[in-house]
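Trainee: What follows is a single structure, and I will ask about it in a moment.
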Amino acid sequence: MKKILGIAIVSLCAVSLAACGSKGAENKAATSSSSKVEKAVNKTTKAKTAEKNVIPTDADHDWFFKDNIFYAGNETMTLNKSEVLDGIEPGSKVLVLHTTILNNSEKEQDPSNFYMVIHAKQKTDTSNVDLTTGTLALDENGNSPLQAEQDNLNNALLPGKKVNTILMFTLKNNNPVTVEFSNADFSKLGTKTYNVE
């Protein structure tokens, strides 16, 4: 009887440890991640090539931000290069993030929905301010220099297709900009910082 009771206690402890271990792994996976600071002024950075096993193939996988890849269920965004360009308002500057968006789903998707889960912040003398969506200065013909990428962000993206797009944020000053990536519940998944001096 003591032997059976001892085996039962050992088994119960093993089950408890396994449960704690898996919960710890889940908590670790949900932890926010940050990447190194990047300079945005006319600097091009190559995003790591996404290996087939890095980006999940089904839209039900948990969202994540890692190594310049933001997986958001139905769509995946890869951050490519960044730059600072003149804004439409005299003297204003705009942080431009060049990206590639892939539709992982079997339905058309709206790439501009990324603006709901990507936010840029910049510190002023008193606050950490949310930056508004930027608009670029127009050329002598009244056209935006990056119109094709802007259109790609606003057009319906067909299933399995990939397009080059841009995200734009109007700068408040020359302080670094922290871009935050969130999941569908608006919980922060990670950040990337850009120096804009």
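Trainee: Could you check the range 98-121 and list, in sequence order, the residues that are open to solvent by less than 20 Å² (accessible area, probe 1.4 Å) and either aliphatic (A, V, I, L, M) or assigned to a helix (DSSP H, G or I) (or both)?
Mentor: I101, P111, F114, V117, I118, A120
Trainee: So which residues in the range 103-150 are hydrophobic (A, V, I, L, M, F, W, C) and over 18 Å from F186 (Cα atoms), if there are any at all?
Mentor: Correct list: L136, A137, L138, L146, A148.
Trainee: Scan the range 73-95 residue by residue and report those that are open to solvent by 30 Å² or more (accessible area, probe 1.4 Å) and not in a strand (DSSP E or B).
Mentor: Correct list: N74, I88, E89, P90, G91.
Trainee: Could you tell me which numbered condition L171 fails, if it satisfies all but one of (1) over 25 Å from T76 (Cα atoms); (2) without any contact (Cβ under 8 Å) to a residue 60 or more places away in the chain?
Mentor: Unmet condition: (2).
Trainee: Here's something else I'd like to know. I want to confirm something. Restricting to the range 182-197 and keeping residues that are in a strand (DSSP E or B), open to solvent by less than 40 Å² (accessible area, probe 1.4 Å) and not hydroxyl-bearing (S, T, Y), which single residue is nearest to H98 (Cα to Cα)?
Mentor: Per the criteria, the residue is K192.
Trainee: Which one is surrounded by the fewest Cβ atoms within 10 Å (Cβ to Cβ), of the residues in the range 123-181 that are part of a strand (DSSP E or B) and polar (S, T, N, Q)? Walk me through it before giving the result.
Mentor: Start the filter on the range 123-181 by keeping residues that are part of a strand (DSSP E or B), which leaves 123, 128-130, 133, 136, 157, 162-170, 177-181.
This time we only want the ones that are polar (S, T, N, Q), so: 128, 133, 164-165, 170, 178.
Details: N128: 10, T133: 12, N164: 15, T165: 25, T170: 18, T178: 18.
Top of the filtered list is N128.
Trainee: Pull out all pairs, ordered by first then second residue, where Cβ-Cβ is under 7 Å, the residues are six or more apart or on different chains, the first lies in the range 138-158 and is closer than 13 Å to D110 by Cα, and the second is surrounded by 12 or more Cβ atoms within 10 Å (Cβ to Cβ) and acidic (D, E).
Mentor: Final answer for the pair search is A156/E108; A156/D110; L157/E108; L158/E108.
The values are calculated or read from the model by the stated rules, or taken from the named source; none is laboratory data. Keep in mind that this is a model prediction, so the values were computed, not measured. Every residue, glycine as well, gets a Cβ built from its backbone with ideal geometry; the counts of neighbours run over all protein chains shown. Ligands, DNA and RNA are excluded from the accessible area calculation, which covers all protein heavy atoms including side chains. Shrake-Rupley method; radii C 1.70, N 1.55, O 1.52, S 1.80 Å.
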